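What follows draws every value from the coordinates through simple rules; no lab data is involved. Note that this is a predicted model, so its numbers are computed, not measured. Note: ideal-geometry Cβ built from the backbone for every residue, glycine included; neighbour counts use all protein chains shown.
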Amino acid sequence: MRDEAMTQDEMKKAVAEAALSKIEDGWVVGVGTGSTANYFIDALAGMKNRIDGAVASSEASAERLRKHGIEVLDLNSAGPLPIYVDGADEATTHLHLTKGGGGALTREKIVAAASETFVCVVDDTKIANYLGNFPLPVEVIPMARSHVARALSNLGGNPELREGFVTDNGNVILDVHNLRIMNPVELESEIDHIAGVVTNGLFARRPADVMLIGSEKGVRELH
Ligand code: 5RP
């Protein structure tokens, strides 16, 4: 038995690999973005001949899937998906999430919405009693940046432009600090209704359906 503690990366890899047990033969698999999703893509390559392809939530994930020889399909032609597997930046045991640390939140929310089951894969450092410690990413149409920043300040947050970053959709990201999010479902709707907001990184109206949590003790599952 090894005596060193598992690193966060080792926990991410273990939990990503555990998500393979949720995939059935012949499925088109929705695939998320980020380092945990990358571990999932690498593991999915080992069963690529048993699936019918994947729908990616970012250009980066699409490229990694293709490098492994996994066909990347357009969501419009793939239709509703049986499953979406993705990580998160922060999560509660209610399966509410903050996502978008990698800036792919809009496509992630679309693929999650189009999927029957959203399996979220996180290591236990991401679990919190409430959301808000991780700054909330908000994707914004560039001309609305200042307007949206003022509106987010009025909600009590401290928005900061993610410098030098443009999303796959050609937009900017405001990362909102200092929010203590006690009502994620309401706040998700409220922020989405600010003119110029494309999406915010709260996944609460449509939370994860299953959460796999990797820790030193192994992988546990929440529903
Ligand atoms: C990308 C995301 C990711 O799921 C989130 O940032 C987690 O990333 P990682 O697995 O690298 O910790 O929402 O937009």
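Using the beta-carbon distance between Met6 and Asn76 and R0 = 30 Å, what value does 1/(1 + (r/R0)^6) give for FRET efficiency, to the nearest 0.05?
Values: r = 40 Å, r/R0 = 1.34.
The value I calculate is 0.15.
State whether the stretch 136-200 is rounded, prolate or oblate according to the following rule on the C-alpha gyration tensor (a ≥ b ≥ c being the square roots of its eigenvalues): a/c under 1.5 gives rounded; otherwise a/b larger than b/c gives prolate, and the remaining case gives oblate. Display every interim value, and only then the final one.
On the way: a/c = 1.70, a/b = 1.52, b/c = 1.12.
Prolate, since a/c reaches 1.5 and a/b exceeds b/c.
On full extension of the chain, what length is gained from Arg206 through His223, given 0.36 nm per residue of separation minus the C-alpha to C-alpha distance?
Gain on stretching Arg206 to His223: 4.8 nm.
Where in the stretch 177-215 does the amide nitrogen come within less than 19 Å of the point 7 Å from the Cα of Ser153, taken along Cα to Cβ?
In the stretch 177-215, the label zone of Ser153 (backbone N under 19 Å from the point 7 Å along Cα→Cβ) covers 177-180, 191, 194-197.
Rank Gly156, Val166, Thr199 by how far each Cα sits towards the positive end of the charge dipole of the stretch 136-200 (+1 on Lys, Arg Cβ; -1 on Asp, Glu Cβ) and give me just the farthest.
Gly156
Once you put a point 7 Å from the Cα of Ser146 and another 7 Å from the Cα of Glu116, both along the Cβ direction, what distance in nm separates them?
The two pseudo-label positions are separated by 5.0 nm.
Using a 7 Å offset from the Cα along the Cα-to-Cβ direction at both His68 and Tyr130, what is the distance between the two label points in nm, to one decimal?
Modelled inter-label distance: 3.8 nm.
Gaussian network model of the chain, Cα springs within a sub-10 Å range: biggest mean-square fluctuation belongs to which of Ala16, Ala151, Ala56?
Among Ala16, Ala151, Ala56, the largest mean-square fluctuation in the Gaussian network model of the chain belongs to Ala151.
Please give the charge dipole size of the chain, origin at the Cα centre, charges +1 on K and R Cβ atoms and -1 on D and E Cβ atoms. Round to the nearest 20 debye.
Details: 21 positive and 32 negative charges, 39 e Å.
Dipole about the Cα centre, nearest 20: 180 debye.
Have a look at Val138, Ser21, Gly101 and report the one farthest towards the positive end of the charge dipole of the chain, computed about the Cα centre with Cβ charges (Lys/Arg +1, Asp/Glu -1).
It is Val138.
Determine, from the Cβ-Cβ distance of Leu161 and Arg50 and an R0 of 35 Å, the FRET efficiency 1/(1 + (r/R0)^6), rounded to the nearest 0.05.
Step by step, r from the Cβ atoms, then E = 0.20.
Rounded to the nearest 500 deg cm²/dmol, what is the calculated helix-only ellipticity per residue at 222 nm for the chain, with -39500 (n - 2.57) per DSSP H run of length n ≥ 4?
Rounded to the nearest 500, it is -8000 deg cm²/dmol.
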